[in-house]
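Shown next, in structure tokens, is the structure this report addresses.
Values in this text are rule-based calculations from the coordinates and carry no lab data. This is a predicted model, so every value here is computed, not measured. As a convention, Cβ positions derive from the backbone with ideal geometry for all residues, glycine included, and neighbour counts pool all protein chains shown.
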Amino acid sequence: MDQAEQLRNIIKQQNKKAHLARVITVTSGKGGVGKSNVAVNLAIQLSKLGKKVVILDADFGLANIEVMLGIRPEYNLADMMFRGKDLKDIISKGPENIGFISGGSGLRELTNLDSDQIRSLVRSMYELDHLADVVLVDTGAGISETVMDLVLSSEEVLLVATPEPTSITDAYALLKTLCRKEDYDKERTKIHMIANRTHDYTEGKELYEKLNTVVEKFLHMNMDYIGHIPYDEKLPNSVMKQQPVSMLYPNAASTRAMLDIAMLLLNGQTADHIERERGLSGLLAKMFKSRK
């Protein structure tokens, strides 16, 4: 029995009727488009709306989330997997009561886990399901194997792009790579696009329409538009100060835009028709299956 089959059997054994976290993966075709900023500030806005939120920093080795928050976590995911720490030990507390898990270099090593380590991981992820209403997975940029595994395993994806031509072409490249994957299910995966660093609503919508036109024509994929985040000087200022813009400048234009997107995600308009196999443990199970 291989690891993938072991993990699926464990999932079946532990698949009790219970509250499971809604997992949303935040990704982009290239770096520098504000993806991690979106993840952090969206988490804060979702928390302000009454949700328990945990961010999993899956941009392994770069620690973007902790840098943006100005918080150095004592432990990361690798400490749980290989150094005996519990899940609660590796969840650091951020502003507005959000939690975050630093990935370190952990997740790439999961393909080498033995059966006992697999059971430990699945039990831990089920525990996280009960600790959070929403889990935001902040991937690395681009189309690496780990990024594509995370996107493939997600029922909801936030694709962040800017009006820069390279951002648009790289976002298309990510979707094209996704579409070519054997395990990609366009009926199951809901992709929401966020237009970042736009001058106004019109520019954001035009960016979406430009990308969506070629996506529909050549990839035959469905992608919806969930909103734009305007260019806002307060946002890079907050990064320099290692504080989220939502906390440092609660009335900034970018902060209000993040709140709008959070409300759209919660009110069901963009995701209520998805029949999801929910929870982070389900996401990890699919990751193992895709690497079988």
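Loop-only trypsin sites (Lys or Arg not before Pro) in the stretch 45-84, please: DSSP not H, G, I, E or B, and at most 14 other Cβ atoms within 10 Å. Don't skip to the end; give the middle numbers.
Details: sites: Lys48, Lys51, Lys52, Arg83; in loops: Lys51, Lys52, Arg83.
Of the trypsin sites (Lys or Arg not before Pro), the ones in loops of the stretch 45-84 whose Cβ has at most 14 other Cβ atoms within 10 Å are Arg83.
Where does each of Tyr75, Tyr208 land when they are ranked from fewest to most other beta-carbon atoms within 10 angstrom? Don't skip to the answer; put the middle values down first.
On the way: Tyr75 17, Tyr208 23.
Taking fewest neighbouring Cβ atoms as first place, the list is Tyr75, Tyr208.
Distance from a point 7 Å along Cα→Cβ of Leu264 to each backbone N in the stretch 35-76: keep the residues under 19 Å and list them by number.
35-49
Mind scanning Lys35/Lys210; Lys51/Lys88; Lys52/Lys190; Lys30/Lys51; Lys181/Lys205 and naming the pairs with a C-alpha gap bigger than 24 Å?
Working: Lys35/Lys210 20 Å; Lys51/Lys88 18 Å; Lys52/Lys190 22 Å; Lys30/Lys51 29 Å; Lys181/Lys205 28 Å.
Exceeds cut-off: Lys30/Lys51; Lys181/Lys205.
So, by mean Cβ neighbours within 10 angstrom, what's the order for 241-251, 212-222 with the highest one leading?
On the way: 241-251: 17.3, 212-222: 13.5.
Top of the packing list down: 241-251, 212-222.
Applying a 10 Å radius around every beta-carbon, put 186-198, 161-173 in order of their mean neighbour count, most first. Intermediate results must be reported in sequence, preceding the final value.
Working: 186-198: 20.5, 161-173: 18.2.
Highest to lowest by the protection proxy: 186-198, 161-173.
Between Arg180 and Leu62, how high is the FRET efficiency from 1/(1 + (r/R0)^6) when r is the Cβ-Cβ distance and R₀ = 30 Å? Nearest 0.05. Kindly include the intermediate steps, with their values, before the conclusion.
Working: r = 26 Å, r/R0 = 0.88.
Step by step, r from the Cβ atoms, then E = 0.70.
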